[in-house]
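Accompanying notes for the structure given below.
Read-outs throughout are calculated quantities, based only on the coordinates presented, and are distinct from any laboratory measurement. From a predicted model like this one, the values you see are computed outputs, not experimental measurements. Cβ coordinates were reconstructed from backbone atoms using ideal geometry, including for glycine residues, and neighbour counts include every protein chain displayed.
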């Protein structure tokens, strides 16, 4: 009776594995012959096993391992309850060790085997086997299914075959898609070679390669580790490829859809990457859209497999349990795959992503000869944090920037197409020649006067794809006179590094202006908090006091950042490899200020009270390239009408030109209104007091500057800032100014410190009344604000 039970069970298990399509032929044949030997001989399982051939014994040991010895020992068990309990334990251990085929065969054989097995097995053990089998195939309750998935989560997520398959498949997909996009970009413009059509065509061509790469990698790993578990019949291979294709296809489709939806919700610009709507929430919404897209792809793939008979039918709660656990496995497996493949693979994938992005971006139409590959603008070349505060520029459309850049200045007709030429020298002539035409177009575009410094910088970053080649192209264009005429210089720079140095310098001026804008924001917050620090209940006043202290520290910090940025700009002595604006070193400097910008942004986001106050803020910092808000002639006319002496007028011009810490807080228009107001007062007491305070302040600042020198004047400016922030200048800024001056000069400085401290408040109080007008008119457009200011003044 014992032999019959074992033979029936093994035959049933053999049928399950053969139907699953997972066992190897040698293993299946050995099991079949073992079952026939047991059924036709009076001996036990041990005798039947030793009666097999050496090859059959080896096949069974390779497949079953230590489970074979346990099965042989169970074959000598006379108690049916102990026999079936041992089989259940063996199936559970096999399932936990990763052999789900053997575990499933044991559970299914006990739960749905012949009547002889079900009649001789205790009912409790039969129910347990059925529950385990239902949990494995997903037809039981959601709780048991989740328990089963949780037990196997770590092993499934860290499966080496899956990790290698994910890494190889992703690399193959990216490389194939990039290659197809490059080929399409070199063809004449059409709906399927540009834009959305080109992206769809490239993805369609790369998807089969990705599926085959994933399947081939996992199969190769299985062939190297456990070849006896693989089946190579047509049905098994078709089943695996169909399930893999459906899952990956749904993931790609929903990932692309979620990305498009994210761009639509936030109004993402395809070139600059800036968000037009809700930019503060993109850090969180981007992750949310990605997770929803991945979960939707997994759920749709599972549903499609169920409808096609590739996956068993399950209930709704089990369906979503499987989908959520699969999502977690993807995330953990993706991180493990990234770490396993190393930083070089990550850098290669990032480079392919940037190149693919450059090909997908909108580019100008250039008639029959469109811009060759890698001629787009890399939106990821500029850190998002630096470009984010920049307002949207008004002016001509940038849609045809590159088209205009390759146009002959003497022609008024269509564009002159860039003709690719061969690159001389070296063995890589055929590989590098296709890049010369887009590089020539990019170098021409760098001289386009309609481009802003940020746009020039983004274009210049594409030359870094092959900077040695770009240098050769520039020198050849300079020798043949193809470099456009620059109105700022009579001849072209000697090499490309000098051009990139100048572009980086102009771009960093905008970065410095962003720091100046942060400084103006914190000055605005300081004024607003000072008005509220004594209002409301005690808890509210305490909160305002803490915020004011924190904002004052941030104001000093941003003042230092802006001063450092200006010192970088002021210390430039010309292009050189040691300059911070050289192509080799500028990225590091830009990364530092990008981090500063992001840190300041997080500081504001973490304090809702400050973010609410900043909603009323309107930038009064004019960019270097922006037109001034007041006519210099009007300001100069008011200055000449003033009773200030010629020496003091020169000091005033110097203070305004070099950004004096007190006068530089106000734009030229506000200072012009102040001077007009003092001139209108004539010989009144208020006007005389204002002119006298301004003159004394200018002389004190100039004397300090002369004593300290240019290098140490930065320390004095910081002390000056603390003086304006301090409520009691005698206890805070006074000793600090005294200490700084004493360290730089041997003369008695007490009198100068006293003069300076006495000169600051009258000027600050006289100017302060022009600030509320600007703040109250923050919602008005500039022409209306200007009219209101003139009327109020």
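Could you check the spin-label model distance between residue 82 and residue 595? Points 7 Å from the Cα along Cα→Cβ, value in nm.
Computed distance between label sites residue 82 and residue 595 equals 6.8 nm.
Given labels modelled 7 Å from the Cα in the Cβ direction, how far is it in nm from residue 699 to residue 187?
Rounded to a tenth, the inter-label distance reads 8.0 nm.
Compute the orientation-averaged projected area for the range 173-323 from the convex hull of its Cα atoms and round it to one decimal in nm².
12.6
Once the Cβ-Cβ distance between residue 765 and residue 292 is put in as r, and R0 is 60 Å, what FRET efficiency do you end up with, to the nearest 0.05?
The computed FRET efficiency comes out at 0.60.
Order of 49, 262, 214 from fewest to most other C-beta atoms within 10 Å?
262, 49, 214
Taking other Cβ within 10 Å of each residue's Cβ, how do 477, 200, 348 sort, fewest first?
200, 348, 477
Taking N as the number of residues in the range 174-240, what is its Cα Rg relative to 2.2 N^0.38 Å?
Cα Rg divided by the expected 2.2 N^0.38 Å: 1.58.
What whole-number distance in Å separates the alpha-carbon centres of the range 137-171 and the range 489-546?
Cα centroid to Cα centroid, the span is 50 Å.
Only counting other Cβ atoms within 10 Å, I'd like 180, 332, 511 sorted with the fewest neighbours first.
Fewest to most other Cβ atoms nearby, the residues stand as 332, 180, 511.
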